[in-house]
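Asker: The structure follows.
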Amino acid sequence: MLAISTGLIAAVAVPANAVASRAETTSVPAAAPAAAPAYSALVSGSPVTTSATALSAGGATLTAPSAAVVSFESGAFTAVPRPAAPPRPRVQPAPETGTSRSTAGDEETRSTGTGGTSAKGSSVLSIAARYVGTPYLYGGTTPRGFDCSGYTRYVYAQLGISLPRTANEQMNATRRVSQSEARVGDLVFFVSGGRAYHNGIYAGNGMMYDSPRSGKTVSKREIWDATIVFGRVTG
């Protein structure tokens, strides 16, 4: 039997052979083996500092509140500690993702290095491609015919940027960049004796747009092996 300080009595299952009426119990001779002990616990309302405990005996489980003291009249009980709550998982913040961007002049860079693109560079290539097939014309500065620097100057003028007239002057007016830093839309200058004698518009991956020489037309072609420098238009 489980006696509670409130006066309520809870029944606890005990082995079948241990159940007997009071009359049967009093009639057993003193020398006869005693019946199996009944299991009982007294739960008082006295506060304790320990956590709630689950008790088991004879196939029954008793759970005492955390604010109770459990005492035993007879029998053997095994205290089973209440399992600790599992720790909460720590949520790690997701790393930020996205495209790295930087600003150089008025250009918003999407990627850098040889073959990279920029907002301005894409526009320069789009305009440069319009004039593929235009014949070379010495001193030419219009779509009727271009020389090398006349072509680059005309393309940039469509973006509201004014370049000097000759290839060498354009080289001196641009910011020098290394080949590994070159982006599409930069200017490519072919140099001899420290002076630029030809130029074109870098198209990335070793290619350029240019107006080459008499008998040829504006085209996109591979940059040939020569002493070259790259210049970036910052205006």
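Asker: Out of ILE201, ILE161, report the one residue that is surrounded by fewer than 18 Cβ atoms within 10 Å (Cβ to Cβ), within 15 Å of GLY231 (Cβ to Cβ) and in contact (Cβ under 8 Å) with a residue 60 or more places away in the chain.
Answerer: Sole residue among the options that is surrounded by fewer than 18 Cβ atoms within 10 Å (Cβ to Cβ), within 15 Å of GLY231 (Cβ to Cβ) and in contact (Cβ under 8 Å) with a residue 60 or more places away in the chain: ILE161.
Asker: Something else now. Being over 15 Å from VAL155 (Cα atoms) and of a type in the set (Lys, Arg) is the filter; apply it to region 199-235 and report the residue that is nearest to the chain's Cα centre (by Cα).
Answerer: By that ranking, first place goes to ARG221.
Asker: Please indicate, with yes or no, whether at least one residue in region 162-170 is under 21 Å from SER122 (Cβ atoms), aliphatic (A, V, I, L, M) and within 42 Å of the chain's Cα centre (by Cα).
Answerer: no
Asker: Quickly run through region 204-214 and pick out the residues that are buried (at least 22 other Cβ atoms within 10 Å of the Cβ) and part of a strand (DSSP E or B).
Answerer: Within region 204-214, MET208, TYR209, ASP210 qualify.
Asker: Could you list, ordered by first residue, the pairs with Cβ atoms under 8 Å in which the first is in region 166-195 and closer than 13 Å to ASP210 by Cα and the second is of a type in the set (Val, Ile, Thr) and exposed (fewer than 15 other Cβ atoms within 10 Å of the Cβ), at least 6 apart or interchain?
Answerer: Correct list of pairs: PHE190/THR227.
Asker: I've got another one for you. Of all residues in region 197-220, which are of a type in the set (Phe, Trp, Tyr) and over 14 Å from GLN179 (Cβ atoms)?
Answerer: TYR197, TYR209, listed by residue number.
Residue by residue, here is whether (1) in the same structural domain as ALA226 (by TED's automatic domain parsing); (2) modelled with pLDDT of 95 or more; (3) in contact with a Phe, Trp or Tyr (Cβ under 6 Å, 6 or more places away or on another chain); (4) assigned to a loop (DSSP other than H, G, I, E, B) holds:
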position: GLU108; (1), (2), (3), (4): yes, no, no, no
position: GLY113; (1), (2), (3), (4): yes, no, no, yes
position: SER126; (1), (2), (3), (4): yes, yes, no, no
position: TYR138; (1), (2), (3), (4): yes, yes, no, yes
position: GLY150; (1), (2), (3), (4): yes, yes, no, no
position: LEU163; (1), (2), (3), (4): yes, yes, yes, yes
position: ASN172; (1), (2), (3), (4): yes, yes, no, no
position: ILE201; (1), (2), (3), (4): yes, yes, yes, no
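Asker: Can I ask one more? Quick test for you: out of ARG183, ARG176, ARG195, pick the one residue that is assigned by TED's automatic domain parsing to the domain that holds GLY145, surrounded by fewer than 17 Cβ atoms within 10 Å (Cβ to Cβ), under 16 Å from VAL233 (Cβ atoms) and at pLDDT 95 or above.
Answerer: None of the other options fit; the residue is ARG176.
The values are calculated or read from the model by the stated rules, or taken from the named source; none is laboratory data. Everything numeric here is computed off the predicted structure, so don't read it as measured data. Every residue, glycine among them, receives a Cβ derived from its backbone with ideal geometry; neighbour counts consider all protein chains shown.
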